[in-house]
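Below is one structure, written out as structure tokens; the observations come after it.
The values are calculated or read from the model by the stated rules, or taken from the named source; none is laboratory data. Everything numeric here is computed off the predicted structure, so don't read it as measured data. Glycine gets a Cβ as well: all are built from the backbone with ideal geometry, and neighbour counts include every protein chain shown.
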Amino acid sequence: MTGLEGKKVALAASRKIDEMCELIRKKGGIPVVHSIQSTVILDAAQVLPDLRWLAEGPVDWVILTTGIGTQALLDQARQHGLFEKVLAALRSARIAARGYKTVNVLKQYELTPDVRDEDGTVENLIRNLSPFSFSGRRVAVQLYGEKIPHLEAFLQEQGALYKEILPYKHLPPAEDTVLSLIEAICQRQVDAVAFTSAIQVRNLFEAAQKHRLTQQLQEAFSRDVAAAAVGSVTAKTLFDNGVERVVRPERERMGAMIMALDKYYRDHPF
């Protein structure tokens, strides 16, 4: 018998749902979808001025923070006939990359980052960028759907001439959807919740705070409902919101997260 046999696992993600549902079912579990994150790729025309800035250069550094954002930038450049110029800019600039998904996208275009993180966090990427001089350097920063204040502060302090590029953005989830997940957790209608991004955690706890359900949510996670995080950034956001018990895989993969959850229940049957 697997650890997830008969367990109801809520999925807070909006991407790769089918794959995770299939894996949960293979382990005997019951997936319950409560998508509380929506990501929208911006129309290429909205990103055009930034793409031209990048294509016309020169750019000294390009900081890429997500795989989906890196691919979106290249796709948007292609739509405006700027693909070759943007790719040339990436080849001539030094590249800093956060996350294995970003590195994998770069590999498809035979690009290798000069600097990368070791744990999936922007904080670690900044530490690894610290030995370099950014004074007067032109830097393109691909945002991950929202501003990155600590990276912005670092570049300002270093005297960089930077431009933020937003290839996609996150839309707030419908309140009813988030409240439905909160109710399922607080009423113990699910055994576990799988989170694949920090924004899902923030959306959950912001709604809980608004409706004065934070304490009930934290109690459910501490006693009966397991919280699973795909990686260190998501896990830290759970910790920051008072969730002390977090299941996470060694490798930051969605499939690995489900396997880690299965192992958790095998090791902690109840």
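Yes/no per residue for (1) of a type outside the set (Gly, Ala, Ser); (2) part of a loop (DSSP other than H, G, I, E, B); (3) not assigned by TED's automatic domain parsing to the domain that holds residue 202:
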{"site": "235", "(1), (2), (3)": "no, no, no"}
{"site": "239", "(1), (2), (3)": "yes, no, no"}
{"site": "243", "(1), (2), (3)": "yes, yes, no"}
{"site": "252", "(1), (2), (3)": "yes, yes, no"}
{"site": "256", "(1), (2), (3)": "no, no, no"}
{"site": "261", "(1), (2), (3)": "yes, no, no"}
Enumeration of residues in region 213-231 that are out of contact with any helix residue (DSSP H, G or I) (no Cβ under 7 Å at 6 or more places or on another chain) and surrounded by fewer than 20 Cβ atoms within 10 Å (Cβ to Cβ): 215, 218, 219, 222, 223, 224
Residue match in region 119-127 (condition: over 19 Å from residue 251 (Cβ atoms), touching an Asp or Glu at 6+ places or on another chain (Cβ under 7 Å) and surrounded by 13 or more Cβ atoms within 10 Å (Cβ to Cβ)): no
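When you scan region 105-121, do you find a residue that is assigned by TED's automatic domain parsing to the domain that holds residue 243, among the β-branched types (Val, Ile, Thr) and free of Cβ contacts under 8 Å to residues at least 40 places away in the same chain, even just one? It would help to see each step written out before you state the result.
At the first step, the residues of region 105-121 found to be assigned by TED's automatic domain parsing to the domain that holds residue 243 are none.
Looking through region 105-121, none of the residues is assigned by TED's automatic domain parsing to the domain that holds residue 243, among the β-branched types (Val, Ile, Thr) and free of Cβ contacts under 8 Å to residues at least 40 places away in the same chain.
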Scan of region 106-118 for residues that are over 14 Å from residue 74 (Cα atoms), exposed (fewer than 15 other Cβ atoms within 10 Å of the Cβ) and touching a Leu at 6+ places or on another chain (Cβ under 8 Å), ordered by number: 112
In region 130-161, the residues that are in a strand (DSSP E or B) and either under 15 Å from the mean Cα position of the chain (by Cα) or surrounded by fewer than 19 Cβ atoms within 10 Å (Cβ to Cβ) (or both): 138, 142, 161
Residue in region 184-199 that is assigned to a helix (DSSP H, G or I) and outside the structural domain of residue 250 (by TED's automatic domain parsing) present: no
Residue satisfying all of: in region 40-65; closer than 12 Å to residue 166 by Cα and not hydrophobic (A, V, I, L, M, F, W, C); surrounded by the most Cβ atoms within 10 Å (Cβ to Cβ) among these: 65
Close pairs from region 38-51: first in the same structural domain as residue 68 (by TED's automatic domain parsing), partner among the basic types (Lys, Arg) and crowded, with 16+ Cβ neighbours inside 10 Å, Cβ under 9 Å, at least 6 apart: 51/85
